[in-house]
Amino acid sequence: MIQGFHYSRMRVNDLFAFNSEVKPLVDLLVNENDTVLPKIKQDLDNASDVFNEIVKKATAKYQTKEVSAGDVIRDSVGRGFVSNVESYLHSLDDQEVVAASKVIAVINEVGRFFYDEPLATQTVLVKKLISRLEAECADEITLLGLGRWISNLKKSNNDFEVLYETRKNIVDNLPNISATESGELLIKCYQQAFNYIDIIVSVMKNPVFISTAESINNIITKYNAIVKARSTRSANEQNTSVQVQE
């Protein structure tokens with residue numbers, strides 16, 4: 001049996017992610033011998049398309065251009081920094097070659113192409129790279145004159161992180177599903193699909209449906225935990241606020 005899930009306390013971004021994980025599982029169950037599920041799937045398809053379009057439009061306007069521009073700047077500084085260091089590997093000064101080799105070794109350990117990583121991952125890698133270089137290559141940075149490069153890399157990374165986190169916070173605080181008509185409709189379609197799957201599992205003992213129900217339950221467990229953790233965190237914050245006021 002498919003367990004219940006706390007859809008009324010889900011946020012828009014929760015349902016968006018939930019839908020992307022669960023819908024493909026439901027889609028795979030449709031076959032030509034079943035006359036009921038195709039209709040349920042069609043309703044689910046329509047509700048999913050409407051909901052996804054609304055969410056994409058709602059989130060796309062939140063500083064997408066600014067985040068993209070910030071990423072371009074950071075990538076450019078990262079590539080320039082690595083290229084600059086690598087140029088010293090061909091220096092006629094042996095000290096510069098040794099210094100550059102040490103810096104490159106650290107870069108390679110962190111990730112040679114850190115500037116091509118996903119946005120959030122790149123932020124972490126740049127912080128790690130700067131921290132290690134400042135701790136392990138202070139003399140080499142001075143010898144090669146890399147201080148300005150590192151300052152620019154740090155600034156571009158910090159500037160990007162502010163833009164990225166601002167957009168993330170806005171998206172994370174989109175209204176609950178109960179405040180969106182399209183979300184409510186999508187939830188009703190999922191309830192119909194889950195009820196039908198439960199019937200097939202209990203009556204027909206269909207192994208494909210049983211396996212799918214287990215997969216769906218695992219996903220529901222994950223999102224129930226997310227909702228519960230958020231509620232607990234919110235309650236703790238409120239308790240802390242009350243104690244401070246007292």
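The values are calculated or read from the model by the stated rules, or taken from the named source; none is laboratory data. The structure displayed is predicted, hence computed values, not measured ones. Note: ideal-geometry Cβ built from the backbone for every residue, glycine included; neighbour counts use all protein chains shown.
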Pairs where the first residue, in the stretch 147-172, is in a helix (DSSP H, G or I) and the second is of a type in the set (Asp, Glu), C-beta under 9 Å, 6+ apart: Ile150/Glu134; Ser156/Asp75; Phe160/Asp71; Leu163/Glu66; Leu163/Asp71; Tyr164/Asp71; Thr166/Glu66; Arg167/Glu66
Among (1) among the polar types (S, T, N, Q); (2) surrounded by fewer than 16 Cβ atoms within 10 Å (Cβ to Cβ); (3) modelled with pLDDT of 90 or more - the single one Asn19 does not satisfy: (2)
Are any of the residues in the stretch 28-36 at negative phi and assigned to a helix (DSSP H, G or I)? no
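Can Arg79 be described as surrounded by 15 or more Cβ atoms within 10 Å (Cβ to Cβ) and assigned by TED's automatic domain parsing to the domain that holds Glu161?
Values: surrounded by 15 or more Cβ atoms within 10 Å (Cβ to Cβ): no; assigned by TED's automatic domain parsing to the domain that holds Glu161: yes.
Considered against the rule, which asks whether it is surrounded by 15 or more Cβ atoms within 10 Å (Cβ to Cβ) and assigned by TED's automatic domain parsing to the domain that holds Glu161, Arg79 comes out as no.
Yes/no matrix, rows are residues, columns are (1) more than 30 Å from the chain's Cα centre (by Cα); (2) within 30 Å of Gly183 (Cα to Cα):
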residue: Thr64; (1), (2): no, yes
residue: Gln95; (1), (2): yes, no
residue: Ile107; (1), (2): no, no
residue: Leu119; (1), (2): no, yes
residue: Val124; (1), (2): no, no
residue: Leu133; (1), (2): no, no
residue: Cys137; (1), (2): yes, no
Those residues of the stretch 104-130 which are out of contact with any helix residue (DSSP H, G or I) (no Cβ under 9 Å at 6 or more places or on another chain) and part of a helix (DSSP H, G or I), in sequence order: Ala105, Asn108, Val124
Please go through the stretch 125-149 and give me each residue that is closer than 19 Å to Val98 by Cβ and either buried (at least 17 other Cβ atoms within 10 Å of the Cβ) or of a type in the set (Ser, Thr, Tyr) (or both), ordered by number. Leu133, Cys137, Glu140, Ile141, Thr142, Leu143, Leu144, Leu146, Trp149
Only one residue in Val50, Val12 is surrounded by 16 or more Cβ atoms within 10 Å (Cβ to Cβ), farther than 19 Å from Ile200 by Cβ, outside the structural domain of Asp116 (by TED's automatic domain parsing) and in contact with a helix residue (DSSP H, G or I) (Cβ under 7 Å, 6 or more places away or on another chain), so which one is that? Val12
